[in-house]
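The values are calculated or read from the model by the stated rules, or taken from the named source; none is laboratory data. As the structure is a prediction and not an experimental result, all values here were calculated from the model. Please note: Cβ atoms are built from the backbone with ideal geometry, for glycine as well, and neighbour counts cover all protein chains shown.
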Amino acid sequence: MLERLTAMPADPILGLLTKYRQDPRSEKVDLGVGVYKDPAGNTPILDCVKAAEKQRTADETTKVYIGPTGSAAFNSLTNELAFGPAHPALLANRIRTISTPGGTGALRVAAEFIAKCKAGTTIWVSDPTWANHTGLFQAAGLTVKTYPYYDYDNKCLKFDEMLATLKQIGRDDVVLLHACCHNPSGQDLNTAQWDAVVEVAKTNGFLPFIDMAYQGFGDGVDEDAYGVRAMAAAVDNMVLASSCSKNFGLYRERIGGCSIIAKDSAQADVAQSVLLYVVRCIYSMPPAHGAAIVETILGSAELKAQWLDELKVMRDRINGNRAMLVESLKAAGVEQDFSFIARQKGMFSFLGINEAQVNTLMNDYGIYMVGSSRISIAGISEDNVGYLAKSIAAIL
Ligand code: LMR
């Protein structure tokens, strides 16, 4: 049987991790996978997570199956985080949320759920989008098409073109939107642009599917959820995939959530039954540990305040790194305008160099980034920014 297989190429993002780890050069710089790093280049466990884990270990009484919905406390507390505690859709009992193995698990479950609504549904994703979106949706049998999004020449949003395309999309299709910190471009919709997209979704009736993997990494927890809250207040049906990998630093614990917003509570119950069927057929039920940490933090005023402080430290550092890179490129004699990097949001931006230049940076300088020239801003530090800027200046 196995002789029928042909080898798959390494994942464009995760494959970089292996290459970087094998590189013996001491000056190497990792701008590949989207993982937060402190000034020393480490990805520490948040103090609030450590405290919650300690508490949890002391209090835990059983390891019995948690069930396919995952933790009810996690689902309800993360609903409040995403939608805000008094959101009309929550008050009307129109939202059903399940805990999932990471944000990717949430996306895949949502994709399978959409396929149950209508097999082969077309899902429109931004051009560009996270490299894994396309494969993941196709694996669920969905047809993937793109709408215009990032203007590579002018380093901004192609908003008019985006809106014009969305206006052509009707009731049978799904539109995937990034809630904040667009991966890979860092170029987000502002609130007026969100309002315009919400209006089109309302008029045309397509299913909005929002991926929120970076809540709190852009402008703040509530600010970053603007689009999610506005959309959920305006439409009958919506899907949300969220992740606790980045904002709680729980990458390897694999914890996220998948929410379906239905027209009313009865429709939400039907949707939930389909979600649970999908989950049972893929992984039966989610792991419990990550959810337990998050619900312990969000359920305690003290730990939540500590988490918000630690999240702000990560956000401020990333924004600081953006400004630092722009200044260092200037100081290294680069005349090209890179100021867009300081205006963009979240973990990523495109450097805007070609693939040959990306490869030269990797092979000759030990600087690792995705082939599209997406850089993970968190990998920049006071220690490496000078070397990074000089190397970029050399290859431009
Ligand atoms: C990224 O885009 O680098 C992260 O979301 C990690 C991943 O799984 O790709």
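Which of the residues that make up segment 344-363 are touching a residue at least 24 places away in the same chain (Cβ under 8 Å) and either away from the ligand (no atom under 16 Å from the Cβ) or not aromatic (F, W, Y) (or both)?
Of everything in segment 344-363, those that are touching a residue at least 24 places away in the same chain (Cβ under 8 Å) and either away from the ligand (no atom under 16 Å from the Cβ) or not aromatic (F, W, Y) (or both) turn out to be Q344, K345, G346, M347, S349, L351, G352, I353, Q357, T360, L361, M362.
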Would you confirm whether any residue within segment 226-240 is within 16 Å of the ligand (Cβ to nearest atom), in contact (Cβ under 8 Å) with a residue 24 or more places away in the chain and among the polar types (S, T, N, Q)?
no
Kindly provide the set of residues from segment 1-19 that are among the hydroxyl-bearing types (S, T, Y) and within 15 Å of the ligand (Cβ to nearest atom), ordered by number.
T18
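Taking segment 379-395 on its own, how many of its residues are crowded, with 21+ Cβ neighbours inside 10 Å and in contact with an Asp or Glu (Cβ under 9 Å, 6 or more places away or on another chain)? Spell out how you get there, then give the answer.
Applying the first criterion (crowded, with 21+ Cβ neighbours inside 10 Å) to segment 379-395 yields 379-380, 388-389, 392.
Keeping just the survivors that are in contact with an Asp or Glu (Cβ under 9 Å, 6 or more places away or on another chain) gives 379, 389.
So the count comes out to 2.
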What's the number of the only condition in (1) more than 16 Å from the ligand (Cβ to nearest atom); (2) farther than 20 Å from V274 by Cα that T97 fails to meet?
(2)
The one condition in (1) among the hydroxyl-bearing types (S, T, Y); (2) within 29 Å of A111 (Cβ to Cβ); (3) touching a helix residue (DSSP H, G or I) at 6+ places or on another chain (Cβ under 9 Å) that S300 fails to fulfil:
(2)
How many residues does segment 364-396 hold that are in a helix (DSSP H, G or I) and more than 16 Å from the ligand (Cβ to nearest atom)?
13
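Every residue, every condition in (1) within 16 Å of the ligand (Cβ to nearest atom); (2) in a strand (DSSP E or B); (3) at pLDDT below 95; (4) in contact with a strand residue (DSSP E or B) (Cβ under 9 Å, 6 or more places away or on another chain), yes or no:
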residue: R171; (1), (2), (3), (4): no, no, no, yes
residue: C180; (1), (2), (3), (4): yes, no, no, yes
residue: A196; (1), (2), (3), (4): no, no, no, no
residue: K202; (1), (2), (3), (4): no, no, no, no
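Of the residues that sit in segment 43-94 and are in contact with a Phe, Trp or Tyr (Cβ under 8 Å, 6 or more places away or on another chain) and assigned to a loop (DSSP other than H, G, I, E, B), which one is surrounded by the most Cβ atoms within 10 Å (Cβ to Cβ)?
L46
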Answer yes or no: is there a residue in segment 159-168 that is more than 16 Å from the ligand (Cβ to nearest atom), touching a residue at least 12 places away in the same chain (Cβ under 8 Å) and assigned to a loop (DSSP other than H, G, I, E, B).
yes
Looking at segment 28-42, which of its residues are away from the ligand (no atom under 12 Å from the Cβ), closer than 22 Å to S349 by Cβ and assigned to a loop (DSSP other than H, G, I, E, B)?
K28, K37, D38, P39, G41
